[in-house]
Amino acid sequence: MPKQTLRRVIRRSLGRLRGEVSIDRLVAQGLELGRGTFIARGVYIDPGHPWLISVGAESGLSPGVVVMAHDASMRRHMGFTRVARVAIGDRVFVGAGAIILPGTRIGDGSIVGAGAVVRGDVPPGSMVVGNPAKVVSDVESVAEWHRQAATQAPVWPHEGWMAGRGITEARKRAQREALAGGVSGYLGTGSVPRAAAATAGQPRGADVYAGARGDRGPAEA
């Protein structure tokens, strides 16, 4: 048996021992997943009603996310369990530990903050945080804030600067030093002004790092 196949079998076996439900199994039972959607390990998608849940294309569900299509809280009081569909749109990011309750519809291009508890409709392109989740901004405004912040922050490519992408011990030390004192940096190759791009795989100098110290994002204020 090829090593990759063996690792996959072991991972699935360990998942079953932990009580995790296979995404493939949920899809076979009716869960709708769009192309390019990422479901992290540790995501809980209601295994009793997966056909009531849809997640659009290029969306991402972070570790610890819970998506529920039923609510049994009133069962002992009235003899019924409430069920409702959940629709998560395209290009939606759901942060770690967020809970998506029955009847929720999240519009395309939205962001759900870590730990948020979402119920009802989220307009397209919205950022929601908190319990209960509330709209705090439109996503484009937050994205523009980060684009500007990236011009004054350390920026690295993914390749060579993260686990599984060949980061060296020397680069780990360099990254820790660059992010000391509350500095935020960025990984990736997104649409950042040319001055913010890392040169030859290296982040920019300490004079630039200093400008990011203590700076807080619009959703953190």
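The values are calculated or read from the model by the stated rules, or taken from the named source; none is laboratory data. These figures come from a predicted structure and were not determined experimentally. A quick note on method: Cβ atoms are made from the backbone with ideal geometry, for glycine too, and the neighbour counts reach across all protein chains shown.
Could you list, in sequence order, the residues of the range 91-106 that are over 13 Å from the mean Cα position of the chain (by Cα) and in a loop (DSSP other than H, G, I, E, B)?
Within the range 91-106, Leu101, Pro102, Gly103, Thr104 qualify.
Suppose the filter is touching a strand residue (DSSP E or B) at 6+ places or on another chain (Cβ under 8 Å) and farther than 24 Å from Leu26 by Cα; does Gly95 pass it?
Details: touching a strand residue (DSSP E or B) at 6+ places or on another chain (Cβ under 8 Å): yes; farther than 24 Å from Leu26 by Cα: no.
Answer is no for this residue.
In this structure, is Gly160 in the same structural domain as Gly95 (by TED's automatic domain parsing) and either surrounded by 13 or more Cβ atoms within 10 Å (Cβ to Cβ) or not in a helix (DSSP H, G or I) (or both)? If you could, list the steps in order and put the result at the bottom.
On the way: in the same structural domain as Gly95 (by TED's automatic domain parsing): no; either surrounded by 13 or more Cβ atoms within 10 Å (Cβ to Cβ) or not in a helix (DSSP H, G or I) (or both): yes.
Taking the combined requirement at face value, the residue does not satisfy it.
Write out, first by first residue and then by second, each pair whose Cβ atoms fall under 6 Å of each other, whose residues are 6+ apart or on separate chains, and whose first residue, in the range 158-172, is touching a residue at least 40 places away in the same chain (Cβ under 8 Å) while the second is of a type outside the set (Lys, Arg) and in a loop (DSSP other than H, G, I, E, B).
What qualifies is Gly160/Gly166; Gly160/Gly201; Trp161/Ile167.
Kindly evaluate Ala98 against the criterion of being touching a residue at least 12 places away in the same chain (Cβ under 8 Å) and aliphatic (A, V, I, L, M).
On the way: touching a residue at least 12 places away in the same chain (Cβ under 8 Å): yes; aliphatic (A, V, I, L, M): yes.
Yes, satisfied.
Please verify whether Ser73 is of a type outside the set (A, V, I, L, M, F, W, C) and surrounded by 17 or more Cβ atoms within 10 Å (Cβ to Cβ), treating the condition exactly as stated. Let's see the steps before the verdict.
Working: of a type outside the set (A, V, I, L, M, F, W, C): yes; surrounded by 17 or more Cβ atoms within 10 Å (Cβ to Cβ): no.
No, not satisfied.
Residues in the range 112-146 that are within 19 Å of Gly42 (Cα to Cα) and of a type in the set (A, V, I, L, M, F, W, C): how many?
Taking the range 112-146 first, the residues within 19 Å of Gly42 (Cα to Cα) are 112-118.
Checking which are of a type in the set (A, V, I, L, M, F, W, C) leaves us with 112, 114, 116-118.
Matching residues across the range 112-146 total 5.
Can you report the number of residues in the range 66-92 which are touching a strand residue (DSSP E or B) at 6+ places or on another chain (Cβ under 8 Å), of a type outside the set (A, V, I, L, M, F, W, C) and touching a residue at least 12 places away in the same chain (Cβ under 8 Å)?
Residues in the range 66-92 being touching a strand residue (DSSP E or B) at 6+ places or on another chain (Cβ under 8 Å), of a type outside the set (A, V, I, L, M, F, W, C) and touching a residue at least 12 places away in the same chain (Cβ under 8 Å): 5 in total.
Provide a single number: the residues in the range 122-157 that are outside any loop (DSSP other than H, G, I, E, B), among the small types (Gly, Ala, Ser) and within 17 Å of Ser110 (Cα to Cα). Can you show your working first?
Applying the first criterion (outside any loop (DSSP other than H, G, I, E, B)) to the range 122-157 yields 122, 126-129, 134-150, 155-156.
Filter once more, keeping what is among the small types (Gly, Ala, Ser): 126, 137, 141, 143, 149-150.
Right, trim to within 17 Å of Ser110 (Cα to Cα) and you get 126, 137, 141, 143.
The total comes to 4.
Somewhere in the range 28-50, is a residue part of a helix (DSSP H, G or I), exposed (fewer than 12 other Cβ atoms within 10 Å of the Cβ) and modelled with pLDDT of 65 or more?
The first filter runs over the range 28-50 and keeps only residues part of a helix (DSSP H, G or I), leaving 28, 50.
Filter once more, so that each one left must be exposed (fewer than 12 other Cβ atoms within 10 Å of the Cβ): 28.
Subsequent filtering for residues that are modelled with pLDDT of 65 or more retains 28.
Scanning the range 28-50, I find at least one residue that is part of a helix (DSSP H, G or I), exposed (fewer than 12 other Cβ atoms within 10 Å of the Cβ) and modelled with pLDDT of 65 or more, so the answer is yes.
Has the range 84-93 got at least one residue that is more than 23 Å from Val139 (Cα to Cα) and exposed (fewer than 14 other Cβ atoms within 10 Å of the Cβ)? It would help to see each step written out before you state the result.
The initial filter retains those residues of the range 84-93 that are more than 23 Å from Val139 (Cα to Cα), namely 84-85.
When the remaining residues are screened for being exposed (fewer than 14 other Cβ atoms within 10 Å of the Cβ), the result is none.
Looking through the range 84-93, none of the residues is more than 23 Å from Val139 (Cα to Cα) and exposed (fewer than 14 other Cβ atoms within 10 Å of the Cβ).
For the condition of a type in the set (Gly, Ala, Ser) and at pLDDT 95 or above, what is the one hit in Gly130, Gly181?
Values: Gly181 fails: at pLDDT 95 or above.
Selected residue: Gly130, the only one of Gly130, Gly181 that is of a type in the set (Gly, Ala, Ser) and at pLDDT 95 or above.
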